[in-house]
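Q: The structure's right below; bear with me while I get my questions together.
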Amino acid sequence: MKLSARVILGIESSCDDTAASIVSYEENNSKILSSVVVNQNTLHEKYGGVVPEIAARAHAERVDDVVTNAFKEAKVGLDDVDLIGVTAGPGLIGGVVAGVMCAKGLAYGANLPMVGVNHLAGHALTPRLTGNIEYPYLILLASGGHCQFILVKGADKFSRIGGTIDDAPGEAFDKTARLLGLKQPGGPSIENEATNGDFKRFNFPRPLLNRSDCDMSFSGLKTAVSRSLKDLDIQQGGLYEKDIKDFSASFQAAISDVLLEKSKRAIIETRKKFLDLKTFAIVGGVAANQKIRSNLLSVCNGLEINFVAPPLSLCTDNAAMIAYAAGELYALGHESDYFLSPRSRWPLDEKKAPMLGSGKRGAKA
Ligand code: KG4
Ligand code: ZN
């Protein structure tokens, strides 16, 4: 018998957003009844990045209120809920613990089933929540801690086609923003500055483009920006606003070029095995970048494949994606017990060897 949950509470606390959401789940017709996200930007601002201990404490303090507000906004109560989905990793462990403890308490108190969800699966399944996309589809998951091409064959079946061998693009946006003296998170700040910048002024490296695979590298970009910044500073005796805009635009262009070229390859490679591949989607925080979205749309038009980019509020961290993923997993028979353990690392494709240097240098997972 196929299990089905109608109303799902989702909880997310893996990095610096405390989030809760109520989703009315129905195969091919789910609706988000509420999605509350409280960020911690002001708490971490002065440190220039997310401080895990501060994040964990803030999640623990806020998660109850955030859940209460998600119920209020959706105009439903705990009695109406059929299932609880909670991010159980990967992420900053203290934050994940706060969310999982809240979910366990509610599940126990209300005698509800609970599903521990991989945060990355939440991102990966978002195109189905918003766009009724059929399996299998290919995604570029580009966030603050990850950059991978994943073939999504089912809610619990993921194959990695390629990925970053060092930093994630979101991490590169954040580090470069820091160098340029822009606010965190760096992605939106750089995108904003880049709007009026000259993307041809600085020629930053586009690493690994000469390799035929779908792997990427972004760690050299920060060093290249840092070097150019210093050179220009010495040359001009300071930096002007226009310089920051041009740096932002040139940096964004470099990231975008790498993502575009490697996406092209990932689509072509995947199609060799999966002839019926119909959709390519970008998910994760970096998917909020308009320039990258519109460039990827052109690539997909050229390759005659359907392109999906979720609405901005569902690109960055949120709990609607966790509630939806829980619904999909529950339908497949997944259910967690009270021994559900938070995981700091949890690759989507557990069969593949970890990527070289794979990942987690930044705070985000
Ligand atoms: O998915 P997400 O909210 O958190 C995880 O990493 O799981 O992604 C956050 C990352 C940050 O590094 C942020 O700078 C980046 O996504 N980001 C962007 C934009 N908005 C957020 N990067 C580029 N352009 C944006 N508009
Ligand atoms: Zn995320």
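The values are calculated or read from the model by the stated rules, or taken from the named source; none is laboratory data. What you see is a predicted model; the values in this text were computed from it and never measured. Quick reminder, even Gly has a Cβ in these numbers, built from the backbone with ideal geometry, and neighbours come from all protein chains shown. Note: areas computed on protein heavy atoms with side chains; ligands, DNA, RNA excluded. Shrake-Rupley method; radii C 1.70, N 1.55, O 1.52, S 1.80 Å.
Q: With the range 130-174 as the region, which strands (runs of 3 or more DSSP E) entirely inside it contain at least 1 residues that are open to solvent by 10 Å² or more (accessible area, probe 1.4 Å)?
A: On the way: elements: 137-142, 147-154, 157-163.
Correct list: 147-154, 157-163.
Q: On to the next question. Quick one: would you say G187 is under 17 Å from the mean Cα position of the chain (by Cα) and modelled with pLDDT of 95 or more?
A: Details: under 17 Å from the mean Cα position of the chain (by Cα): yes; modelled with pLDDT of 95 or more: yes.
Considered against the rule, which asks whether it is under 17 Å from the mean Cα position of the chain (by Cα) and modelled with pLDDT of 95 or more, G187 comes out as yes.
Q: Could you check the range 15-55 and list, in sequence order, the residues that are over 22 Å from L125 (Cα atoms), more than 16 Å from ligand 1 (Cβ to nearest atom) and touching a Gly at 6+ places or on another chain (Cβ under 9 Å)?
A: Once the filter is applied, which keeps residues that are over 22 Å from L125 (Cα atoms), more than 16 Å from ligand 1 (Cβ to nearest atom) and touching a Gly at 6+ places or on another chain (Cβ under 9 Å), the range 15-55 yields only E53.
Q: I'm checking my understanding of the structure. Among residues of the range 39-89 that are open to solvent by 60 Å² or more (accessible area, probe 1.4 Å), under 30 Å from G181 (Cα atoms) and touching a strand residue (DSSP E or B) at 6+ places or on another chain (Cβ under 6 Å), which one is modelled with the highest pLDDT?
A: R62
Q: Also: What pairs come up if the first residue lies in the range 72-87 and is touching a residue at least 60 places away in the same chain (Cβ under 8 Å), the second is charged (D, E, K, R) and outside any helix (DSSP H, G or I), and their beta carbons are under 6 Å apart, counting only those six or more places apart or on different chains?
A: What qualifies is D82/R6; T87/E12.
Q: Have a look at S294, S256 and point out the one that is free of Cβ contacts under 8 Å to residues at least 60 places away in the same chain, within 27 Å of D213 (Cα to Cα) and within 11 Å of ligand 1 (Cβ to nearest atom).
A: Values: S294 fails: within 11 Å of ligand 1 (Cβ to nearest atom).
Exactly one of S294, S256 is free of Cβ contacts under 8 Å to residues at least 60 places away in the same chain, within 27 Å of D213 (Cα to Cα) and within 11 Å of ligand 1 (Cβ to nearest atom), namely S256.
Q: While we're on this one: Name every residue in the range 297-313 that is more than 13 Å from ligand 1 (Cβ to nearest atom), in a helix (DSSP H, G or I) and closer than 17 Å to G131 by Cα, in order of residue number.
A: Answer for the range 297-313, where residues must be more than 13 Å from ligand 1 (Cβ to nearest atom), in a helix (DSSP H, G or I) and closer than 17 Å to G131 by Cα: L297, C300.
Q: Looking for something open to solvent by 10 Å² or more (accessible area, probe 1.4 Å), among the β-branched types (V, I, T) and away from ligand 1 (no atom under 12 Å from the Cβ) - is there at least one such residue anywhere in the range 314-327?
A: Initial filter on the range 314-327 (open to solvent by 10 Å² or more (accessible area, probe 1.4 Å)): 314, 316-317.
Within this subset, residues satisfying the condition of being among the β-branched types (V, I, T) are 316.
Adding the requirement that they be away from ligand 1 (no atom under 12 Å from the Cβ) leaves none.
No.
Q: Within the range 299-313, can one find any residue that is small (G, A, S), under 30 Å from D82 (Cα atoms), within 16 Å of ligand 2 (Cβ to nearest atom) and surrounded by 14 or more Cβ atoms within 10 Å (Cβ to Cβ)?
A: Residues of the range 299-313 that are small (G, A, S), as a first pass: 302, 309, 313.
Filter once more, keeping what is under 30 Å from D82 (Cα atoms): 309, 313.
Now narrow it down to the ones that are within 16 Å of ligand 2 (Cβ to nearest atom): 309, 313.
Filter once more, so that each one left must be surrounded by 14 or more Cβ atoms within 10 Å (Cβ to Cβ): 309.
Looking for residues that are small (G, A, S), under 30 Å from D82 (Cα atoms), within 16 Å of ligand 2 (Cβ to nearest atom) and surrounded by 14 or more Cβ atoms within 10 Å (Cβ to Cβ), one finds at least one in the range 299-313, hence yes.
Q: Among the numbered conditions (1) open to solvent by 10 Å² or more (accessible area, probe 1.4 Å); (2) within 15 Å of ligand 2 (Cβ to nearest atom); (3) at pLDDT below 95, tell me where E27 comes up short.
A: Only one criterion in (1) open to solvent by 10 Å² or more (accessible area, probe 1.4 Å); (2) within 15 Å of ligand 2 (Cβ to nearest atom); (3) at pLDDT below 95 is unmet by E27, namely (2).
Matching residues to (1) assigned to a helix (DSSP H, G or I); (2) hydrophobic (A, V, I, L, M, F, W, C):
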| position | (1), (2) |
| --- | --- |
| L33 | no, yes |
| R57 | yes, no |
| V76 | no, yes |
| A98 | yes, yes |
| A103 | yes, yes |
